[in-house]
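Written below as C-alpha cells is the structure these notes are about.
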Amino acid sequence: MEAYLDNSATTRCFDEVVRLMHQIMCEDYGNPSSMHHKGVVAEQYVRNARETLARLLKVNEKEILFTSGGTEADNIALIGTAMANHRRGRHLITTRIEHPAVLQPMAYLENQGFQVTYLPVDREGRISLTDLERAIRPDTILVSIMHTNNEIGSVEPIAEAGALIKRVNPQTLFHVDAVQGFGKFRIYPAKMQVDMLSVSGHKIHGPKGIGFLYIREGAKVNPITYGGGQQKGMRSGTENVPGIAGLARAAELVYADLDQDMERMYGLREMLIQGVSSIEDVRVNGCPGREGAAHIVSLSVRGVRSQVLLQALEEQGIYVSAGSACSSNKPQTSATLKAIGLERDFLESTIRFSFSVFTTEEEIQYTIQALCEVIPALRRYTRR
C-alpha cells in the first residue's frame, strides 16, 4: 500500500484540470496577445480565469495578477512594494516563521538599505497583535504575515492584523502569503484589509508553475519583470494559458465542497494525532484542535532523526517530509521550529504529514500502524 501524505509540498492534479489543460495545449494553443482567432480564444481563457478567482476572493478581476507561482508572487509583493514606496519609508515587518520566498526577499531588501522587524511567535506559532502594534512605525511601508504556516499548520490572525495595521498606520500595505491557506479557508482580502495576497496552483490540485498575486487597486507596487508589457506592464511575458486555466478550475473545484472536505480532513488529523499518542516522547507542534489548519500535522519524535524516519516510512510506501519542500534538500535547521522554541533534541527529529481531498482513512490507519512499529525499532537501533 502507498500513502502520499506530503500534500503541502505538492498535490495531485484534479483529472478535470488535466483534461482542460490538455485541450488548451493541443487545440486552443494560441498566444493570448495574438490578434487572430486562436489568440482571442486563448485570451478568453485568461479572462475567464481572472473572473473566477476574483469571484472566489470577492475582489475585482483587474486586481488579479498571474505569476509563475507563490515565490514570484511573494517577490513582486515585497520587492515591488519596497521599491515603489521607499521615499515614504524604509521599514518592513514580517515574522520569524515565514516561507523562504518571503524571508529571502526580506534579506535582499535589508542589503538594499531597508530595515526589517521580525516578529516572534508563541509556542503554537502565532504572532502577538501587541507585538505587531508596537512594531508599526510612521515609516513602516509594508507588513507581510503568512496565513497558514507550511510546516506546523499554525493559522495567523489575519483579519485582526489587517484592522490593526490600518488603524495604526493606514498607509502601511499588508501582504499575506496564502499559499497554504487558499483552498483550505475562505479568504476575502478586501474584508480582511489585505492589500496583497499570494497563491500557488500546485497546492490546490492545480498545475505547477502557476500562481497569482491579488493587488488591491490603488496599492503602489512596481513591476520587477520587464519586457512585452503583458498584464498591463505589471508582469511581462507570455501568459501561461494552460496553467492559468488549470489554476482557476482547480480553485473552483476545491471550493465547491470546502466545508465538507475540511471537516473530513480535521477528522483525519485527529485520527493521526490520537493514533500516535501512545508512542512515548512524540509531540505535536502547532495550534491545537481546530485552531490550526486541517491538512497539516507536525510531529517531533525524540531520539529519531527526521531523515532516518523519512527513509523508514518511505520503505513502507509512506511519503512525508521534514518541513518545507523548498528547503528540504538543504541541511539546515528549520527557522519555524526554532522560532516556536522547540527543544534541541526535537529540532532534527520533526516530520510533517499533510493531507488533501484525496487522502483516505485507510492511508492514515496504515501510517499509524507503521509509526507504531518503526519508531520503537529505530530507537532501539540508535541506542546500540
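Summary table
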{"quantity": "Meets criteria (in contact (Cβ under 8 Å) with a residue 60 or more places away in the chain, small (Gly, Ala, Ser) and open to solvent by less than 50 Å² (accessible area, probe 1.4 Å)) for Ala54", "calculated": "no"}
{"quantity": "Filter result for the condition that a residue is aromatic (Phe, Trp, Tyr), buried (at least 20 other Cβ atoms within 10 Å of the Cβ) and outside any strand (DSSP E or B), over Tyr108, Tyr45, Tyr29", "calculated": "Tyr45"}
{"quantity": "Where Arg384 falls short, out of the listed (1) more than 20 Å from Gly286 (Cα to Cα); (2) surrounded by 12 or more Cβ atoms within 10 Å (Cβ to Cβ); (3) modelled with pLDDT under 95", "calculated": "(2)"}
{"quantity": "Residue in segment 293-310 that is under 15 Å from Glu2 (Cα atoms) and either within 23 Å of the chain's Cα centre (by Cα) or modelled with pLDDT of 95 or more (or both) present", "calculated": "yes"}
{"quantity": "Residue list for segment 76-92, restricted to those being assigned to a helix (DSSP H, G or I), open to solvent by 10 Å² or more (accessible area, probe 1.4 Å) and either within 15 Å of Glu110 (Cβ to Cβ) or at pLDDT below 95 (or both)", "calculated": "Ile79, Met83"}
{"quantity": "Hits in segment 239-271 (condition: more than 30 Å from Asn48 (Cα to Cα) and among the hydroxyl-bearing types (Ser, Thr, Tyr))", "calculated": "Tyr266"}
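The values are calculated or read from the model by the stated rules, or taken from the named source; none is laboratory data. Not measured: the values here are computed from a predicted model. We place every Cβ from the backbone using ideal geometry, glycine too, and count neighbours over all the protein chains shown. What goes into the accessible areas is simple: the full protein's heavy atoms, side chains included, and nothing from ligands, DNA or RNA. Shrake-Rupley method; radii C 1.70, N 1.55, O 1.52, S 1.80 Å.
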